[in-house]
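**Q** Structure below; questions to follow.
Just so you know, all these numbers are worked out from the coordinates, no wet-lab data involved. Here the structure is a predicted model, which means the values were calculated and not measured.
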Amino acid sequence: MTVAVETGLWQLDPARSTVAIKHKTMWGMVTVKGTIPGVTGEGEVQPDGTASGTITLDVASLDTKNAKRDTHLRSADLFDADRHPTITFAVRATAVGQDDTVEIDGQLTVRGISRPQSVTARVTESGADAVTLTADFTVDREQFGMGWNQMGMIRGLTTVTSTLAFTRAKA
């Protein structure tokens, strides 16, 4: 497949998009997995092939299949959803790479703290009216003020896995 995305405005299709997280806990013996189904986004592809856009995640939608854990994850100890209800990823620059990849430089904002984040995405669908990107990347939660770590149980980086499906925005 050749990466060729039409210029113009694109809208994220939340029904076809997923964002999942996983992190080791219990001193590395257990991997906690969750999804954030509340995802929205939009983007624009310029005639020169560059793109910009924003993906927004609703922290309250975080679901690890454990209500007590989800309540704690949304608390001020970690995501602080009451004060910071969204996580955003703003695309700043893109470059088409080899093998249907796109190098994306952006800014990730969690708990009101913004940090640069680079992501390599793979284009898995590309057409006149639809494009789908998949990506895996890691985040250091402590860089975003999420240092809560009772008895040293939480170690390492959080892995984010996403499939983001976009459709051409209606004019």
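**Q** Per DSSP H run of at least 4 residues, take -39500 (n - 2.57); add these up for the chain, divide by its residues and hand me the 222 nm value, nearest 500 deg cm²/dmol.
**A** Working: 1 runs with 8 residues, N = 171.
That comes out to -1500 deg cm²/dmol.
**Q** Assuming 1.002 mPa s and 20 °C, estimate D for the chain with Stokes-Einstein, Rh taken as the Kirkwood radius over Cα pairs, in µm²/s.
**A** The estimated diffusion coefficient comes to 128 µm²/s.
**Q** What are the lysines whose alpha-carbon lies under 30 Å from the alpha-carbon of Lys33, with same-chain residues fewer than 8 places away excluded?
**A** Lys22, Lys24, Lys65, Lys68
**Q** Ok, one more. Between Asp13, Asp58, Asp129, find the one with the highest GNM mean-square fluctuation for the chain; connect C-alpha pairs within less than 10 Å.
**A** The residue with the greatest mean-square fluctuation here is Asp129.
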